[in-house]
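Remarks on the structure that follows.
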Amino acid sequence: MRVRKIQPRDRAGLQALLSAQAHFRPEEIRVALELIDIALANPGEEDYMILCAEEEEGNLRGYICFGKAPLTDAVFDIYWIVVHPAHGQRGIGSSLLFQAEKEMAQRQARLLLIETSSTPPYENPRAFYQKHGYGEQARILDYYRPGDHKIIFGKTLG
């Protein structure tokens, strides 16, 4: 497995990765694709940086999207970590997160934030974040819809 920066040829594979996620609603896929398109249209900018995980034969198995939070000195948001469901539990997500954390540290990041849903389909992602040292920083009740709270996880670098 190799982790590398996004390339224009990756868009179709990333769309397939997103579509393979049973728990993503259509509007979530639409937003994720918007960020992918922004990253592809603006290489080198730091608002939406994307790293892809690909196998030796070139098949995409996951990606991570992150960027510097506007109006902060050194806070970065991790917007998406997506791994193909057929390839979970193989360390792909961990490799992507590790490489993204390394890239953010090189940019002098001091705080990394990830937000997610409180619903059962997001139980595994929440456990993944905690396993990698992210602690719950905030919980906004009924944020996405009644009963679906926004949970913000964070990790300090330094």
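The values are calculated or read from the model by the stated rules, or taken from the named source; none is laboratory data. All of these numbers come straight from a predicted model, not from anything done at the bench. Cβ sites come from the backbone with ideal geometry, for glycine too, and all protein chains shown count toward neighbours.
Structure above, values below:
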item	result
When residues of segment 104-127 are limited to those that are of a type in the set (D, E, K, R) and in contact with a Ser or Thr (Cβ under 9 Å, 6 or more places away or on another chain), the one surrounded by the fewest Cβ atoms within 10 Å (Cβ to Cβ)	Arg110
All strands (runs of 3 or more DSSP E) inside segment 1-84 with 2 or more residues being of a type outside the set (A, V, I, L, M), surrounded by fewer than 19 Cβ atoms within 10 Å (Cβ to Cβ) and more than 13 Å from the chain's Cα centre (by Cα)	2-5
Filter result for Gln137 (in contact (Cβ under 8 Å) with a residue 60 or more places away in the chain, in contact with a strand residue (DSSP E or B) (Cβ under 6 Å, 6 or more places away or on another chain) and of a type outside the set (Gly, Ala, Ser))	no
Verdict on Tyr79 being of a type in the set (Phe, Trp, Tyr) and farther than 13 Å from Leu157 by Cα	yes
Hey, Gln130 polar (S, T, N, Q) and in a loop (DSSP other than H, G, I, E, B) or not	no
All positions within segment 139-148 that are surrounded by 13 or more Cβ atoms within 10 Å (Cβ to Cβ) and either under 26 Å from Leu96 (Cα atoms) or within 16 Å of the chain's Cα centre (by Cα) (or both)	none
Residue in segment 96-107 that is at pLDDT below 95 and closer than 23 Å to Ala16 by Cα present	no
Residue identified as over 24 Å from Thr116 (Cα atoms) and not hydroxyl-bearing (Ser, Thr, Tyr) among Arg4, Arg11, Arg25, Arg30	Arg4
